[in-house]
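Chemist: One structure, pasted below without further comment.
The values are calculated or read from the model by the stated rules, or taken from the named source; none is laboratory data. Quick caveat: nothing in here was measured; it's all calculated off a predicted structure. Please note: Cβ atoms are built from the backbone with ideal geometry, for glycine as well, and neighbour counts cover all protein chains shown. Side chains are part of the model used for accessible areas, which takes the heavy atoms of the whole protein and leaves out ligands, DNA and RNA. Shrake-Rupley method; radii C 1.70, N 1.55, O 1.52, S 1.80 Å.
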Amino acid sequence: MNYYNQIKEELINNEVYKKVKDYSKNRSDLSTYYNVGKLLVEAQGGEERAKYGDGLIKEYSKKLTLELGKKFNLTLLKNIRQFYLIVQKGPTLSDQLSWSHYVELLKFDDIKKINYYIHISINQKLAVRELRFKIKNNEYERLPKDTKNKLKIKEENKINDFIKNPILIKNSYNYIKITEKVLKQLILEDLPNFLSELGEGFCFIKDEYKIKIGERYNYIDLLLFNIKYNCYVVVELKITELKKEHIGQIQTYMNYIDKHIKTINQDKTIGIIICKKGNEFVMEYCSDDRIFNTIYNLTY
């Protein structure tokens with residue numbers, strides 16, 4: 001089999017197709033690069049041998065560059081080969097993502113990590129620049145361990161699965177002394193990023209949400225709603241280590257929302273305590289599985 005001629009024909013057909021049908025050029029790119037990647041691997045003698053040595057690809061890239069242009073250089077062919085090898089391991093090939101999105105992921109070997117970034121890129125409609133930013137901030141590494149395992153077996157996710165730990169909050173004014181008021185201010189000034197750090201479907205309702213318990217008014221730090229899981233979300237901010245009284249406080253607020261605000265068609269309220277330092281022993285004896293805890297880190 002003349003692999004070079006087949007590869008050349010695939011690439012030429014793709015370029016012609018994109019000029020004729022511009023609206024679907026991304027789908028054509030992905031399909032063509034997958035087919036070319038497969039041919040490159042076969043030409044090198046299979047997946048195991050393709051991992052070692054680039055002599056044949058160097059030869060092909062020189063010929064393609066001379067015949068089709070500088071675009072088809074060694075870097076592109078190596079990326080195309082890696083693209084095929086990764087797709088073979090399980091990630092869903094989606095034409096909702098561009099070739100540029102996939103190039104950002106080709107450097108990873110962890111399929112769970114790749115699946116995560118594909119998932120959020122599609123669901124959050126991330127531009128390549130936004131995807132790059134999330135990778136730089138180690139978003140996948142900050143996911144709970146259980147979530148990473150779910151990504152591998154494609155198990156259904158729960159509302160807490162994508163809450164990052166730690167949550168990154170930008171200290172825009174380089175505050176040295178952080179109070180709960182300052183922490184809240186920093187969150188509100190960069191609210192879209194904060195909601196993204198919590199995961200999918202979170203919407204802001206109000207800060208300092210006033211509720212009346214008996215004769216006294218109380219104030220919920222942040223009241224959110226999650227449209228994906230159809231429930232209210234109470235968020236409490238603490239600049240200390242997690243304490244047992246924090247559990248009791250947020251549980252009271254959650255129960256109030258369930259009794260006075262939640263409708264019959266909505267699921268039970270959940271609570272998220274964001275603190276400076278976690279305490280696994282407090283969470284171990286928290287009997288309410290609607291309450292979650294994570295910590296925050298300030299970035300500059």
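Chemist: Within the stretch 60-70, track down each residue that is outside any loop (DSSP other than H, G, I, E, B) and either open to solvent by less than 60 Å² (accessible area, probe 1.4 Å) or in contact (Cβ under 8 Å) with a residue 40 or more places away in the chain (or both).
Modeler: TYR60, SER61, LYS63, LEU64, THR65, GLU67, LEU68
Chemist: Scan the stretch 225-244 for residues that are over 18 Å from TYR296 (Cα atoms) and open to solvent by less than 10 Å² (accessible area, probe 1.4 Å) and report the count.
Modeler: Selection size over the stretch 225-244: 2.
Chemist: So TYR116 clears everything in (1) of a type in the set (Ser, Thr, Tyr); (2) under 20 Å from SER31 (Cα atoms); (3) under 22 Å from the mean Cα position of the chain (by Cα) except one condition, right? Which one?
Modeler: Every condition holds for TYR116 apart from (2).
Chemist: Which count do you get for residues in the stretch 166-216 that are under 23 Å from SER121 (Cβ atoms), without any contact (Cβ under 8 Å) to a residue 40 or more places away in the chain and among the acidic types (Asp, Glu)?
Modeler: Looking only at that region, the number is 2.
Chemist: Shifting gears a bit: Across the stretch 71-103, which residue is modelled with the highest pLDDT among those that are surrounded by fewer than 17 Cβ atoms within 10 Å (Cβ to Cβ) and more than 24 Å from LYS8 (Cβ to Cβ)?
Modeler: Taking the candidates together, the pick is GLN96.
Chemist: Of the conditions (1) farther than 29 Å from GLU236 by Cα; (2) in contact (Cβ under 8 Å) with a residue 60 or more places away in the chain, ASP109 satisfies every one except a single condition; which number is it?
Modeler: Tallying (1) farther than 29 Å from GLU236 by Cα; (2) in contact (Cβ under 8 Å) with a residue 60 or more places away in the chain, ASP109 fails exactly one: (2).
Chemist: Residue check, GLU284 against (1) touching a helix residue (DSSP H, G or I) at 6+ places or on another chain (Cβ under 9 Å); (2) modelled with pLDDT under 95, all met but one. Which one?
Modeler: Looking at each condition in turn, GLU284 falls short on (1).
Chemist: Restricting to the stretch 204-224, name every residue that is open to solvent by less than 10 Å² (accessible area, probe 1.4 Å) and in contact with a Leu (Cβ under 8 Å, 6 or more places away or on another chain).
Modeler: Selection gives LEU222, LEU224.
Chemist: Just one of ARG27, ARG49 is closer than 30 Å to ASN157 by Cβ and open to solvent by 80 Å² or more (accessible area, probe 1.4 Å); which is it?
Modeler: Every option except ARG27 fails the conditions.
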